[in-house]
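Report on one structure; see the data block that follows.
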């Protein structure tokens, strides 16, 4: 199985590296040998059974179509993988750039990003985010709310694209940008809870949501996040209690 962007084994190796797994770690999670992984990635062993591809995709947290090379590029010719790398680079920057865009322009781009996310136009959002994060950082002194929201839409998008680790990093950046503002911190805590739940850390998500004090309606959203996390932990009584408090 090959496509325009190379053999399937090469894509498996690329995603394994992106998930920061060694061949041995990957093999352990698949219940296979390291030799099997190595031969698969090098194309020595054919990967032509769809159930096996599905299992690999599950471990790598990607759509099987991505491994099969059947995902569609964005209209600009930049794949979602490349776009996520651009967001990763933007999140890794700690500089405080000079503002290059107005508050109004950045606000419009932020609104477009949220609208694209809500309509599942993730390719569009991925293209917007690196520039949006850069612009919002340049305005952070006077408008921290823009930066918090930019990090939040980045976090939500990354979680949807199967990048919960990077989504958690964006949510953590949102929390830091919120400073001492309770409303902004509460909104950022929603993103932290969502990312932690995506990572399977439901108990931490419960703490992140339930212990954050924020004004309504953010507080109600946080309680619902905590209820979902508690349910994920199997604590039905706590989930019911938190749901009742949220409504």
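Quick notes
- Contact order for the stretch 80-199, expressed relative to its length and based on alpha carbon pairs under 8 Å spaced 6+ residues apart, stands at 23 percent.
- Chain lengthening between residue 96 and residue 112 when straightened (0.36 nm per residue, less Cα-Cα): 3.4 nm
- Gain on full stretching of the segment that runs from residue 104 to residue 176 - 0.36 nm per residue minus C-alpha separation: 23.6 nm
- Relative compactness, the stretch 85-174, computed as alpha-carbon Rg over 2.2 N^0.38 Å: 0.97
- 56, 8 arranged by Cβ crowding within 10 Å, fewest neighbours leading: 8, 56
- Order of 35, 191 - criterion: other Cβ atoms within 10 Å of each residue's Cβ, fewest first: 35, 191
- Simple spin-label estimate for residue 89 and residue 10 in nanometres, 7 Å along Cα-Cβ: 2.1 nm
- Quotient of Cα Rg and 2.2 N^0.38 Å for the stretch 2-68, N being how many residues it contains: 0.97
- Ordered by the number of other Cβ atoms lying within 10 Å of each residue's own Cβ, fewest first, 147, 115, 110 fall into the sequence 115, 110, 147.
All of the numbers you see were taken from the coordinates with simple rules; none came from a lab. No experiment lies behind these values; they were computed from the predicted model shown. Cβ: placed from backbone, ideal geometry, glycine included. Neighbour counts: every protein chain shown.
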